[in-house]
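The values are calculated or read from the model by the stated rules, or taken from the named source; none is laboratory data. Fair warning: this is a prediction, and the values are worked out from it, not measured in the lab. Counting neighbours? That spans all protein chains shown, and the Cβs are built from the backbone with ideal geometry, glycine included. Calculation scope for accessible area: heavy atoms of the full protein, side chains included, ligands and nucleic acids excluded. Shrake-Rupley method; radii C 1.70, N 1.55, O 1.52, S 1.80 Å.
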Amino acid sequence: MPWKPLDLSRPMGLATSSQLFAFQLANDAVCQNAMETQLPDLKFAIEPPRETEKGCGWDLGINMTAVHDVGFSPSEVMNRCPMAAANTLWIKQMNIRAQEILGKRVTTVLHFDTYSCRNVAGTSRLSEHAYANAWDISGFVLEDGTTISVLKDWDKAGPKAEFLRAARDEACGIFRVTLSPDYNAAHANHFHVDMGPSRICR
């Protein structure tokens, strides 16, 4: 029910997207409490507020090292709290699709940066990465050691490409912005996801 608060421990539903948007507007204490009480398998540390002269930074940072038994390479994913909450929902949904399509779990998400004090390429506007409000994902490692690469497998026929598209589609239902290789050449090797004000799924 859309008027109920977001519960990160529950399965995704039709109201999850609107609940997540309301969750973004809540104060940091609400987000931190949800991360601490609703996700017993989440491994993370709180990052204190950070602000730079350029306006980059965050109020409450969540530095995740594992969620739903999935780790990361590099080993940490640092985002502002609502973005980190969205990540946990996506990781759970993405792994459901992995088991359906590939018959195996994802154990590691391969990624590039989360926080980076920089502008959107070709503009004077700060990127959502500047607020620790974005994540660039380059691939996945399965429990048998198989690697799935956005760059190498997106355009190939077969279950790897099917899974990548399913992972992208799950992201579109959770994040405000999801950009894949279908968007432009700059995203040929990764998915960009963020919780900024725009709304794009490509």
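Brief remarks follow.
So that you can scan it fast, the table gives a plain yes or no per residue for (1) polar (S, T, N, Q); (2) farther than 22 Å from residue 170 by Cα; (3) under 15 Å from the mean Cα position of the chain (by Cα); (4) modelled with pLDDT of 95 or more:
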{"site": "87", "(1), (2), (3), (4)": "yes, no, yes, yes"}
{"site": "96", "(1), (2), (3), (4)": "no, no, no, yes"}
{"site": "111", "(1), (2), (3), (4)": "no, no, yes, yes"}
{"site": "123", "(1), (2), (3), (4)": "yes, yes, no, no"}
{"site": "131", "(1), (2), (3), (4)": "no, yes, yes, yes"}
{"site": "137", "(1), (2), (3), (4)": "no, no, yes, yes"}
{"site": "140", "(1), (2), (3), (4)": "no, no, yes, yes"}
{"site": "146", "(1), (2), (3), (4)": "yes, no, no, yes"}
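- Filtered by the rule that a residue be over 17 Å from residue 97 (Cα atoms), in contact with a strand residue (DSSP E or B) (Cβ under 9 Å, 6 or more places away or on another chain) and not in a loop (DSSP other than H, G, I, E, B), segment 179-202 gives 179, 186, 187, 192, 193, 194, 200, 201.
- Hey, residue 20 within 12 Å of residue 88 (Cβ to Cβ), modelled with pLDDT under 95 and surrounded by 15 or more Cβ atoms within 10 Å (Cβ to Cβ) or not: yes
- Scan of segment 139-162 for residues that are open to solvent by 20 Å² or more (accessible area, probe 1.4 Å), part of a strand (DSSP E or B) and touching a Ser or Thr at 6+ places or on another chain (Cβ under 6 Å), ordered by number: 141
- Qualifying residue in segment 42-64 (condition: of a type outside the set (Lys, Arg), surrounded by 15 or more Cβ atoms within 10 Å (Cβ to Cβ) and in contact with a Leu (Cβ under 6 Å, 6 or more places away or on another chain)): no
- Scanning segment 106-128 for residues that are more than 15 Å from residue 76 (Cα to Cα), surrounded by 14 or more Cβ atoms within 10 Å (Cβ to Cβ), touching a residue at least 12 places away in the same chain (Cβ under 8 Å) and out of contact with any helix residue (DSSP H, G or I) (no Cβ under 6 Å at 6 or more places or on another chain) returns 126, 128.
- Of all residues in segment 150-166, those being of a type outside the set (A, V, I, L, M, F, W, C), in contact with a helix residue (DSSP H, G or I) (Cβ under 9 Å, 6 or more places away or on another chain) and either without any contact (Cβ under 8 Å) to a residue 40 or more places away in the chain or on the phi > 0 side of the Ramachandran plot (or both) number 3.
- Residue match in segment 69-79 (condition: open to solvent by 80 Å² or more (accessible area, probe 1.4 Å) and modelled with pLDDT of 90 or more): yes
- Among residues of segment 35-60 that are closer than 26 Å to residue 11 by Cβ, those with a Cβ under 7 angstrom from a residue that is of a type in the set (Gly, Ala, Ser) and surrounded by 17 or more Cβ atoms within 10 Å (Cβ to Cβ), sequence gap 6+ or separate chain, pair up as 35/84; 35/85; 43/66.
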